[in-house]
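> Take a look at the following structure, please.
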Amino acid sequence: MIKITLPDGSVKEFEKDTTPMQVAKSISEGLARNVISAKFNDTVVETTTPLDTDGSLTLYTWNDKEGKTAFWHSTSHIVAQAIEELYPGVKLTIGPAIDNGFYYDVELPTGSISDKDFPTIEKKAIEIARGKHDYKMRAVSKAEALSFYKDQGNEYKVELIENLEDGTITFCDHDTFTDLCRGGHIPNTGIVKAIKILSVAGAYWRGNENNPQLTRIYGISFPKQKELTEYLTLLEEAKKRDHRKLGKELELFTFSQKVGQGLPLWLPKGAALRERLEQFLKKAQKKAGYEMVATPHIGQKELYVTSGHYEKYGADSFQPIHTPKEDEEFLLKPMNCPHHCEIYNSKPFSYKELPKRFAEFGTVYRYEQSGELHGLTRVRGFTQDDAHIFCTPDQLDEEFKEVIDLSLYVLGSLGFDDFTAQVSVRDLDTPEKYIGSVENWEKAEQAIINAAKEKGLNYIIESGEAAFYGPKLDFMVKDALGRQWQLGTIQVDYNLPERFELTYKGSDNELHRPVMIHRAPFGSMERFIALLIEHTGGNFPLWLTPEQAIILPVSEKHEKYAEKVLKSLENNEIRALIDSRNETIGKKIREAEMSKIPFMLIVGENDEVANTISVRKHGGEDLGAIDVTMFTDLVNKEINSTLKTFKE
């Protein structure tokens, strides 16, 4: 007999070689019908895997992230089989699950795949799925695996196998299809009821531009057709909200090939929006005791060697800048923290002067591959709302909780209310990815978990998501379309103070190491604004929107009165403009609607006589004729209802 521990802590005894599916059936038939994946002792297993030792078992359904991962990975096998049958001679490479769906990279024998081919692939894939074929894992020797793919002439699979150790290689079979695979599948293909091919793209083998370019086929699948229909509706809404589309329509930002890929140019309206966000955070930071600093866009290579950034990221980043002086090298700044460490090091500190909180809207540069660039969400130059807190170990807990308060204020003021806090810790199986002692890592991780508990955050722990120098607390936010994004991060770091030999004089008159907290509530201005555009659909909070009102004179003879209204609004710090074009009032209203301006103030003969404005809200609601003072009160009331005061 073996003892199986379930997530609720209960322990049940089963015969040796019992499968996860049999465990599910012992709990309830309903659970067994819904279980599609499992994890045993932190290893993903099939629902049919015989369990031969004591251990902890977690069963997953479609409603779990892990369940979806198994579902989508399994579907990638189905689609790969369909591609193989439709395109004889195709070479399959890899087909993982991703955040929403899956992809499979293939080398086609001739021609290409376009959207007109999608229905044919989908039809074939569904036909395969309906066969209700079981997924079966089997171990194969390295020689057998190499022989199988050499016979097919598939050099991509051969390369993968050559990097694997004998005794660790497994194949997955279903129907007539076989694929090199580590595992993690649903019980059978019949569970997949709906498949949609979403797009195709080019992708270099193993992400290396020197390797052959493959065809990447993106898709998604669901256990019910209804869910696919709902997803496609959501996808259409997402297209309407795409920040690249709205950013152009609202004249917020642009890109130029002459300036360079991934380097955004902010237009006047976008720059003003950015400035308002910066001032919003600076005001809160001032109340929280932060001091603003400014650092250069470059630094000597040695600075980033000391910090560890060069070792971890140097090969994939912008390469060193060589000056006329022999052996002198600079780097475009990839991080602000090394510069802030040197600011701290510019003078000695006593424990009485700590914590020191240095904040900066600092622009950094990272060489993202051109195929990974995406609007403002993935760029090569971006500005972080960065700050670094240097404190004593005794101050760490309170400082971390203060930063949580600031982050919650930022998210709440901008309408991001649905979020999960993710405690990102080390992957204990890959210690080489991290710097610093195990003792310091354990202290830092525990400090974050304690703060999350004390603040009552809904949090999860994710292994392997830590930064190389320390664990972090990430805010995983759901937007208006239910998509999850990482916005804002707080990190505890014992390592950079060691590497930069930072000290403070303690009450014992001895030198001690401070602890460092890295934090960025926005994360980066570019990515935050991109997500804000999509979350709001371009209908920004009233305090933030570029223009709060547009004055629409009915005819040319009402323009002087419109200018009088504009001056009055400006005196009350309301952002407005006049549309004095020789167009019909109907056209002016339609274009103001498209520009997503919150209020349209129509002024005609009756308004001028009564000293009023006829107010229409974006979306069509008519608020009638009111005077400017009443309108000002209306605007301020709406702003105050959404924009709270920090530490009020």
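The values are calculated or read from the model by the stated rules, or taken from the named source; none is laboratory data. Small disclaimer: the values here were computed from a predicted structure and weren't measured. Neighbour counts run over all protein chains shown; Cβ positions are idealised from the backbone, glycine included.
> Which residue, of Ala294, Ala272, is over 24 Å from the mean Cα position of the chain (by Cα) and assigned to a helix (DSSP H, G or I)?
The conditions single out Ala272.
> Ok, one more. Out of the residues in segment 205-227 meeting the condition of being among the basic types (Lys, Arg) and surrounded by fewer than 17 Cβ atoms within 10 Å (Cβ to Cβ), tell me which one is nearest to the chain's Cα centre (by Cα).
Among those that are among the basic types (Lys, Arg) and surrounded by fewer than 17 Cβ atoms within 10 Å (Cβ to Cβ), it is Arg206.
> Given the criterion assigned to a loop (DSSP other than H, G, I, E, B) and surrounded by fewer than 17 Cβ atoms within 10 Å (Cβ to Cβ), identify the matching residue among Gly190, Gly184, Gly167, Gly202.
Just one listed residue meets the conditions, Gly167.
> Now, a different point. I'm told Glu328 meets every condition in (1) touching a strand residue (DSSP E or B) at 6+ places or on another chain (Cβ under 6 Å); (2) of a type outside the set (Gly, Ala, Ser); (3) farther than 16 Å from Ala520 by Cβ except one. Can you identify the failing condition by its number?
(1)
> Here is a follow-up. Run Val44 past the list (1) free of Cβ contacts under 8 Å to residues at least 60 places away in the same chain; (2) under 26 Å from Ala129 (Cβ atoms); (3) not assigned by TED's automatic domain parsing to the domain that holds Gly207 and report the number of the one that doesn't hold.
Result: Val44 fails condition (1) only.
> Here's another thing I want to ask about it. Taking into account only those residues within segment 42-77 that are over 29 Å from the mean Cα position of the chain (by Cα) and among the hydrophobic types (A, V, I, L, M, F, W, C), which is surrounded by the most Cβ atoms within 10 Å (Cβ to Cβ)?
Across segment 42-77, the extreme among qualifying residues is Leu51.
> Continuing with this model, one more query. Would you mind telling me which numbered condition in (1) surrounded by fewer than 16 Cβ atoms within 10 Å (Cβ to Cβ); (2) in contact with an Asp or Glu (Cβ under 7 Å, 6 or more places away or on another chain); (3) among the aliphatic types (A, V, I, L, M) Ala625 fails?
Just one mismatch for Ala625, condition (1).
> Give the residues of segment 551-560 that are crowded, with 21+ Cβ neighbours inside 10 Å and either among the hydrophobic types (A, V, I, L, M, F, W, C) or at pLDDT below 90 (or both), sorted by residue number.
Listed by number, the residues that qualify are Ile551, Leu552.
> Then there's this: When both residues are 6+ apart or on different chains and their Cβ atoms are under 8 Å apart, which pairs have a first residue that lies in segment 241-264 and is more than 17 Å from Gly381 (Cβ to Cβ), and a second that is of a type in the set (S, T, N, Q) and at pLDDT 95 or above?
Lys248/Thr254
> Follow-up question, since we're still on this one. Please go through segment 530-544 and pick out each residue that is of a type outside the set (Asp, Glu) and in contact with a helix residue (DSSP H, G or I) (Cβ under 6 Å, 6 or more places away or on another chain). Don't jump to the end; show me each part of the working.
Step one: list which residues in segment 530-544 are of a type outside the set (Asp, Glu), which gives 530-533, 535-544.
Residues satisfying the conditions are Ala530, Ile533, Gly537, Gly538, Pro541, Leu542, Trp543, Leu544.
> Is segment 399-407 home to any residue that is modelled with pLDDT of 90 or more, in contact with a Cys (Cβ under 8 Å, 6 or more places away or on another chain) and in a helix (DSSP H, G or I)?
Within segment 399-407, one or more residues are modelled with pLDDT of 90 or more, in contact with a Cys (Cβ under 8 Å, 6 or more places away or on another chain) and in a helix (DSSP H, G or I).
> Pick out the one residue from Thr75, Thr49 that is assigned to a helix (DSSP H, G or I), touching a Gly at 6+ places or on another chain (Cβ under 9 Å) and of a type in the set (Val, Ile, Thr).
None of the others qualify; the one that does is Thr75.
> In this structure, does Ile585 turn out to be buried (at least 21 other Cβ atoms within 10 Å of the Cβ) and either among the β-branched types (Val, Ile, Thr) or farther than 19 Å from Leu267 by Cβ (or both)?
Spelling it out, it is not the case that Ile585 is buried (at least 21 other Cβ atoms within 10 Å of the Cβ) and either among the β-branched types (Val, Ile, Thr) or farther than 19 Å from Leu267 by Cβ (or both).
> Do we have Tyr87 as at pLDDT 95 or above, closer than 21 Å to Gly184 by Cβ and of a type outside the set (Val, Ile, Thr) here?
Answer is no for this residue.
> So which of Glu236, Glu230, Glu278 ends up being outside the structural domain of Ile529 (by TED's automatic domain parsing), assigned to a helix (DSSP H, G or I), acidic (Asp, Glu) and within 22 Å of the chain's Cα centre (by Cα)? Talk me through it step by step, then tell me what you get.
Values: Glu230 fails: within 22 Å of the chain's Cα centre (by Cα); Glu278 fails: outside the structural domain of Ile529 (by TED's automatic domain parsing).
Going through Glu236, Glu230, Glu278 in turn, just one is outside the structural domain of Ile529 (by TED's automatic domain parsing), assigned to a helix (DSSP H, G or I), acidic (Asp, Glu) and within 22 Å of the chain's Cα centre (by Cα): Glu236.
> Among the listed residues Gly488, Gly464, identify the single one that is at positive phi, modelled with pLDDT under 95 and in contact with a Phe, Trp or Tyr (Cβ under 8 Å, 6 or more places away or on another chain).
Within the list Gly488, Gly464, the selection yields Gly488.
> Give me the pairs, please: first residue somewhere in segment 282-310 and under 17 Å from Leu331 (Cα atoms) and basic (Lys, Arg), second residue anywhere and at pLDDT 95 or above and surrounded by 15 or more Cβ atoms within 10 Å (Cβ to Cβ), beta-carbon distance under 9 Å, and either six or more positions apart or on two chains.
Close Cβ pairs satisfying both conditions: none exist.
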